[in-house]
Amino acid sequence: MAVTIKVLWAIIGCGLVTWLSRVIPFVLVKNFDLPAWLIRYLSFVPLVIMTALIMENIFTHQAHQLPAVNYENLLATLPTFLAAIISKSLIVIVVVGIICMALVRLIF
Amino acid sequence: MNGQLDFETGIKDALPTVFGYIGIGLAFGIVGKTSGLSVLEILLMSLITYAGSAQFIMVSLLLVNSSIPFIMLSVFLVNARFILMSTTVAQYFRQDSIWQNIGIGTLLTDETFALSMNKLNFTNHRLAPSWFHGANWVAYLTWALATVAGGILGNLVGDPKTFGLDFALLAMFIGLLYLQMISDRSKGFWFQVGMVILICVLMYSLTIFLSNNVALIVTTLIGCFLGMVIEQWRLR
């Protein structure tokens, strides 16, 4: 159960930069009024970030080539989207997703 | 999901996201252990750094003996999206004390962020600190426990991928994205469908030239700008 000094410093250093990116905006927004255009800009963050996070799990950057396709994730994504449209329930969507991925791996 | 904003409802609303943390947390614990971290180091990293996907990057960089400033810079880039998410969430807590704000921000994750944006559609666009703390603590504790469990199981279980659990996270984002699109009445459904397609094209194109993490940030910055401009143009 050893903790090496270097790992500990990495944990603390990375913890600090992550914490600051999470907390500084809260302190700033509390004390300053955001301009109307910035509020409109930020209203797109949920839609854009979630779409980009999904894409990030399907396509991976490769040097000097088109992005690699994660076919497992791509295949399981489609029925999961269907489950979302039909059930509109997060827990159903997640469970269907897990089952689909297990099936995809079983079959291919 | 309903309109209640107390601590217990926060816990309950966050339960579907637990699967995602368990799947990825187990995977992280196993990867950490097989890359030479001790279980205590895994626990400390989950409790102190608490950075989800960035923790995988830390492990891989530690493994190749990168310098600490370089590791910190990489983690900052991967987590730079937090700046945008925090700024978005913080607008709903301006009336609350600075300590409540810091508390919410400290444990904010992609998942609780997305969850809170969905919650807004049930509460007349209000959020409460107690609800957010409930959701955040479920996420924080589940992540710590799952990563430690992965570290202890270590080499025993082999690949957690066999069970499809690692897909839970992606499934959750798909679910939260769709639920967001059908419940956000401030933007029309088909406008949002158009935006999603645009973002997919943008993200794919940028992934050709940039690493995934950088492409994610650049897509977010450009995508929100395009959304704002197109919305303005539509309202005209």
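What order do A:22, B:126 take when sorted by accessible area (1.4 Å probe), most exposed first? Mind dumping the intermediate values first?
Values: A:22 10, B:126 140 Å².
Largest to smallest exposure gives the sequence B:126, A:22.
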Checklist entry - Chain pair B, A: how much accessible area is buried, both chains summed, with a 1.4 Å probe, in Å² to 100? => result 7900 Å²
Checklist entry - Can you give the accessible area of residue B:125 in Å² (nearest 10), computed on protein heavy atoms with a 1.4 Å probe? => result 100 Å²
Item to check | Carbon plus sulfur fraction of accessible area for the protein assembly as shown, probe 1.4 Å, in percent | outcome: 72 percent
Next on the checklist: Restricting the calculation to Cα positions, tell me the Rg (one decimal) and the Dmax (whole number) of chain A in Å.
Outcome noted: 20.2, 55
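Roughly what % of Cα-Cα distances in region B:7-186 sit above 21 Å, to the whole percent?
52 percent
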Checklist entry - For the protein assembly as shown, what is the Kirkwood estimate of the hydrodynamic radius, computed as the reciprocal of the mean inverse distance between distinct Cα atoms, to one decimal in Å? => result 20.4 Å
Checklist outcome for this item: With region B:188-236 reduced to its Cα atoms and the Debye formula applied, log10 I(q)/I(0) at q = 0.17, 0.20, 0.21 1/Å amounts to -0.51, -0.66, -0.70
Next on the checklist: Multiplying the sequence separation of residue B:106 and residue B:233 by 0.36 nm and subtracting their Cα-Cα distance, what value in nm do you get?
Outcome noted: 42.0 nm
Next on the checklist: With just the Cα atoms defining each centre, how far is region B:203-229 from region B:101-129? Give it in Å.
Outcome noted: 24 Å
Checklist outcome for this item: Taking the protein assembly as shown, the lysine pairs whose C-alpha atoms sit under 18 Å apart (8 or more places apart or on different chains) add up to 6
Item to check | Kirkwood-Stokes translational diffusion coefficient of region B:132-210, alpha-carbon pairs, 37 °C, 0.692 mPa s, µm²/s | outcome: 204 µm²/s
Checklist outcome for this item: Two pseudo-spin positions, 7 Å from Cα along C-beta at residue A:108 and at residue A:92, lie apart in nanometres by 2.6 nm
Checklist entry - In region A:6-44, which chymotrypsin sites (Phe, Trp or Tyr not before Pro) are in a loop and have at most 11 other Cβ atoms within 10 Å, using DSSP for the loop call? => result A:32
Item to check | Accessible area of residue A:71 in the full protein assembly, 1.4 Å probe (Å², nearest 10) | outcome: 150 Å²
Next on the checklist: Can you compute the FRET efficiency between residue A:78 and residue B:222 using 1/(1 + (r/R0)^6), with r the Cβ-Cβ distance and R0 = 22 Å? Round to the nearest 0.05.
Outcome noted: 0.25
Checklist outcome for this item: Going residue by residue through region B:204-219, the Karplus relation 6.51 cos²θ - 1.76 cosθ + 1.60 with θ = phi - 60° gives ³J(HN,Hα) values, rounded to whole Hz and with x marking Gly or Pro, of 4, 4, 5, 5, 5, 9, 10, 5, 3, 5, 5, 4, 4, 5, 5, 4
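The values are calculated or read from the model by the stated rules, or taken from the named source; none is laboratory data. As the structure is a computational prediction, the values presented were derived from the model and not from experiment. Backbone-built Cβ (ideal geometry, glycine too); neighbour counts: all protein chains shown. All accessible areas refer to the heavy atoms of the entire protein, side chains included, with ligands and DNA or RNA removed. Shrake-Rupley method; radii C 1.70, N 1.55, O 1.52, S 1.80 Å.
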